[in-house]
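One structure is given below, encoded as structure tokens.
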Amino acid sequence: MIKNRSFSSLLLVSIVPLCLSSLYGCKREDVNRNKLPDNTDFIRKIEAVAALGKLNPLGEVRKLAAPNTGKGGTPRLSKLFVEEGDSILKNQILAVFENRPRLTADLAVEVAKLNNLKKEIIFQKREINRYQKLFKTGAVASIVLEKLQDDLIILEGKKDEISSRIDAINFDLEQTQLKSPINGIVLQILAREGERPDSDGVMNVGANELMEALIEVYESDIERVEIGQDVDLISENGGFNGSLRGQVSLISPQVRQRRVLSTDPTGDADSRVIEVRVKLDNVSAKMVSHLTGMKVIARFSPK
């Protein structure tokens, strides 16, 4: 009996440390499993939003139309002095229309008529002065003097008519030259020499002192884009070196299909996107002021 009790005590002494050791090991394993990792490992890095877009003037864009000549419609384009991408200045002549030579000739005829009429009026006034002196001496009848005065009135009326025609011709002549209304850049040529411009006009010009990028962000990414967010832009096809800097200035409220397609033939042209406008800083704007329409890849800095 004593032997059995001693054996049991010995067995208990051997088993208890082993269980305690196993229990401690299990708890330690659980603690290690539940221990929070270092902050740098635990916090998942927020990926930046990347999207495709194109450069565009931030200033006004003007559509320049051909003059309307009435029954003949719009005249054909005779001479084009600029090409797409050219820098232009306000009042610079961009094109000339075919009706300019005819109007120039009409103007010359009317100016000649006016000059001759002015000479006739001067002569008529001298005659009236001379006949007034004769009338005072009784050398001529009043009816002769009145006739000269009536003729002068008619001449003055003809002068006004010719002057009005000259003003009208000068107005039309001014329209035969297409002038730039702004300092900027030629965005698109819509008619070429020899063509008759339609309702789309002759060309589109834009003020490019300020530039922006029109970026198409997937609707699934738009929640990570906000006004004032910093943006880096690079050329998709190497059109410029380095990167551009800008900030989000506007987020369109409308969802639509993509317009700026990627060069990747597997790209989804039917993807739903939201247009985001990114205003470039002054340094970046000067770098690409002549590159309107160039495709860029935008990277929006994480919020």
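Ordering 182-189, 99-106 by mean Cβ neighbour count within 10 Å, with the highest value first, yields 182-189, 99-106.
What the Kirkwood sum gives for region 122-191 is a hydrodynamic radius of 16.5 Å, with every pair of different alpha carbons counted. Could you tell me the relative contact order of region 201-303? Use alpha-carbon pairs under 8 Å, at least six residues apart, and round to a whole percent. Computed over region 201-303, the figure is 41 percent. Exposure proxy shown here: for ILE121, ILE153, the number of other Cβ atoms within 10 Å sets the order, fewest to most, as ILE153, ILE121. Computed over all pairs of different Cα atoms, the Kirkwood value for the hydrodynamic radius of region 39-186 is 21.4 Å.
For the residue pairs LYS179/LYS286; LYS90/LYS159; LYS79/LYS279; LYS179/LYS295; LYS90/LYS118, the C-alpha atoms sit more than 26 angstrom apart in LYS90/LYS159; LYS79/LYS279; LYS179/LYS295; LYS90/LYS118. Here LYS303 is the anchor, and the aspartates and glutamates within straight C-alpha reach of less than 16 Å, apart from those fewer than 8 places off in the same chain, are GLU47, ASP221, GLU223, GLU226, ASP230, ASP232.
Taken together, the values in this text are just the output of simple stated rules run on the coordinates, not laboratory data. Since the structure is predicted, the reported quantities are computational estimates derived from the model, not experimental observations. So basically every Cβ, Gly included, is an ideal-geometry build from the backbone, and we count neighbours across all protein chains shown.
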